[in-house]
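Scroll down for the structure; my scribbles are underneath it.
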Amino acid sequence: MKEIRWHGRGGQGAKTVSQVLAQINLREGKYVQAFPEFGPERSGAPIRAYNRISDEEILVHSAVYSPDLAVIVDESLLTSEKPTDGLHPDGTLVVNTSCSTEEIRTRTGFKGKIVVLDADRIGREAGTGFANIPMLGAVAAVLGTAWSIVEEEVRRTMGERISKEMLDKNITALRAAYDAAKKGVAGG
């Protein structure tokens, strides 16, 4: 079973993309869970969202305390939320940042795999203005999910809520991050 913990702020879409990731893996025939953890906080307050993905039925129903992947949608949470707490030493830290892998390693002390990408920039350049969809693309790449499944599911789930023009911009951002993370994964 793979366990993922997303760190974001209210309004940044971490909860939404954790749910889309579950749908992507459900399409692959996996058992999945996706759920957020937040209180009555306002927009901008730190939130966590979780995924579990397994080939077998998932019997645990708690927060994710020892994730295989920790995903940081908002770089400012690297210090305030301690997102590497409990992260498996051989796990992966995926960070939305313009910093290098070594800078993030120094800041967090995490010795495992680190994938960095500037999801904010990718979102701006694609015209979406959000980092959540690029971060979803990066996570899908890290998990080794086929691009065709990722694109098809994002088109299906997001296409119901946004215009075709905005959907196409999101797919552009998703693909750019997917490809960037694939290079990071292949590069070590």
Virtual spin-label span in nm between S54 and S148, 7 Å along Cα→Cβ:
2.9 nm
Relative contact order of the range 2-186, pairs being alpha-carbon contacts under 8 Å that are 6 or more residues apart, as %:
20 percent
Given the options P67, V95, G112, identify the residue whose Cα lies farthest towards the positive end of the charge dipole of the range 2-186 (+1 on Cβ of Lys, Arg; -1 on Cβ of Asp, Glu).
V95
Set the Förster distance to 41 Å, then compute FRET efficiency between T106 and R155 from the Cβ-Cβ distance, nearest 0.05.
0.60
Debye intensity ratio I(q)/I(0), log10, the range 2-186, q values 0.11 Å⁻¹ (C-alpha model):
-0.42
Can you compute the charge dipole magnitude of the range 2-186 about its Cα centre, using +1 on each Lys and Arg Cβ and -1 on each Asp and Glu Cβ, nothing else charged? Give it in debye, rounded to the nearest 20.
200 debye
As a percent rounded to 5, the proportion of antiparallel DSSP bridges among beta bridges in the range 43-186 is 0 percent
Whole-Å distance, taken between Cα centres, linking the range 28-68 and the range 98-119
23 Å
Taking springs between alpha-carbon atoms closer than 10 angstrom, which of E151, E81, E160 fluctuates most in the Gaussian network model of the chain?
E160
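Based on the mean of other beta carbon atoms within 10 Å per residue, what is the order of 167-180, 101-114, most packed first?
Working: 167-180: 21.1, 101-114: 15.1.
Going by the mean number of other Cβ atoms within 10 Å, highest first, we get 167-180, 101-114.
Read-outs: derived from the displayed coordinates by stated rules, not from any lab. The structure displayed is predicted, hence computed values, not measured ones. When we count neighbours, we look across all protein chains shown, and the Cβ atoms used for this are built from the backbone with ideal geometry, even at glycine.
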